1. Quick check on my filter: what residues within region 121-162 are hydrophobic (A, V, I, L, M, F, W, C) and under 24 Å from Q69 (Cβ atoms)?
2. Among the residues of region 235-273, count how many are over 20 Å from R179 (Cβ atoms), among the small types (G, A, S) and either modelled with pLDDT of 95 or more or not in a loop (DSSP other than H, G, I, E, B) (or both).
3. If I go through region 192-234 residue by residue, how many of them are part of a loop (DSSP other than H, G, I, E, B) and either surrounded by fewer than 15 Cβ atoms within 10 Å (Cβ to Cβ) or of a type outside the set (V, I, T) (or both)?
4. Take region 138-184 and flag every residue that is polar (S, T, N, Q) and either in contact (Cβ under 8 Å) with a residue 24 or more places away in the chain or in a strand (DSSP E or B) (or both).
5. Here's a check for you: in region 20-32, which residue that is assigned to a helix (DSSP H, G or I) and either open to solvent by 100 Å² or more (accessible area, probe 1.4 Å) or of a type outside the set (A, V, I, L, M, F, W, C) (or both) is nearest to F9 (Cα to Cα)?
6. Tell me which residues, restricted to region 91-102, are in contact with an Asp or Glu (Cβ under 9 Å, 6 or more places away or on another chain) and not in a strand (DSSP E or B).
Amino acid sequence: MEIRVLKYFLMVAREENITRASQLLHVTQPTLSRQLMQLEDELGVKLFQRGSHRIVLTEDGMLLRRRAQEIVDLADRTARDFARGQGELSGEINLGGGETRSMALISQMIAALLKEHPRVRCKLFSGNADSIKERIESGLLDLGLLVEPVDISRYEFIRLPVREERGVLVRADSPLAGRPFVTPQDLIGEPLMLSDRTPVQNELMNWFGDEAGHVNVVTTYNLLYNAAMMVRAGVGIALCIRLDCEYDGLRFLPLSPPLDMHSVLVWKKSHVFSPTVAAFLEHVRTCLKSMKDNPI
């Protein structure tokens, strides 16, 4: 499979129309149709259901679209990594991160690096730990910022000093909103919203202790913003981590006993980085050492 043909396939999949895709790709319609048929012959599957006005992907086509996008992204990224000027640091840092307070620290480090090396670019992917690890494994991400608890046995890592605090997000008119913290007993009988990650759920069930069997989980979520909208609508109370942001009409309350952890910046073991990513990791280590040597 040629990268060029995969790009043709992705354009047709997006536009669902051969004529429109050929115009955007600046190739003739017969040429594009022939390339797609040759791709189907090469793979031995049917990629499209062709209609009179539009074409749609088959199940095999949907699988190829995901794989093709990954292949094209990797090819484009490789080209960018090698397109650096003489003696000048350039290229791209592909970073994945969840919603954490540690992201503020990483962002400051990225800003300092970009100021010193203006040809460097950063591509940020937001997701939970599972989606970030999947993208690291496939080569789409160089680094991932993950919140503990998380299995990092397959990775090298740097543990960041920012303390991540677990708590709940409640409506401002909730009877709990005026309290300084919440206990497991306060949440029994309440509709709760939990992270969809099993390690986090297990950690929270351990925090509930003897009350775990009485927990009422009404929904799960992977990122907090949409969960916050559901809290505001009255769906339930979200167990989450504290972020450096405010949601109108909502209150964050810490857990008691407290349930705190840290974030880790991870990458694949024995991975060979581009000069740009290697420079960023060295920059992170230097910044953290400075913070340790000169605490505020």
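1. C122, L124, F125, A129, I132, I136, L140, L141, L143, L145, L146
2. Summing the residues that are over 20 Å from R179 (Cβ atoms), among the small types (G, A, S) and either modelled with pLDDT of 95 or more or not in a loop (DSSP other than H, G, I, E, B) (or both) in region 235-273 gives 1.
3. Residues that pass the stated criteria total 5.
4. S138, S174, T183 - these are the residues of region 138-184 that are polar (S, T, N, Q) and either in contact (Cβ under 8 Å) with a residue 24 or more places away in the chain or in a strand (DSSP E or B) (or both).
5. S22
6. Correct list: T100, R101, S102.
Residues checked against (1) touching a residue at least 40 places away in the same chain (Cβ under 8 Å); (2) within 21 Å of the chain's Cα centre (by Cα):
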position	(1), (2)
E211	no, no
L243	yes, yes
P254	yes, no
A279	yes, no
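Listed here are the residues, each with its yes/no results for (1) closer than 30 Å to P275 by Cβ; (2) free of Cβ contacts under 8 Å to residues at least 40 places away in the same chain; (3) surrounded by 16 or more Cβ atoms within 10 Å (Cβ to Cβ).
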site: E2; (1), (2), (3): yes, yes, no
site: L6; (1), (2), (3): yes, no, yes
site: R14; (1), (2), (3): no, yes, no
site: I18; (1), (2), (3): no, yes, yes
site: R34; (1), (2), (3): no, yes, no
site: F48; (1), (2), (3): no, yes, yes
site: H53; (1), (2), (3): no, yes, no
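The values are calculated or read from the model by the stated rules, or taken from the named source; none is laboratory data. All values reported here derive from a predicted model rather than from experimental measurement. Virtual Cβ from ideal backbone geometry, glycine too; neighbours counted across all protein chains shown. We work out accessible area using only protein heavy atoms, side chains counted, and drop any ligands, DNA or RNA first. Shrake-Rupley method; radii C 1.70, N 1.55, O 1.52, S 1.80 Å.
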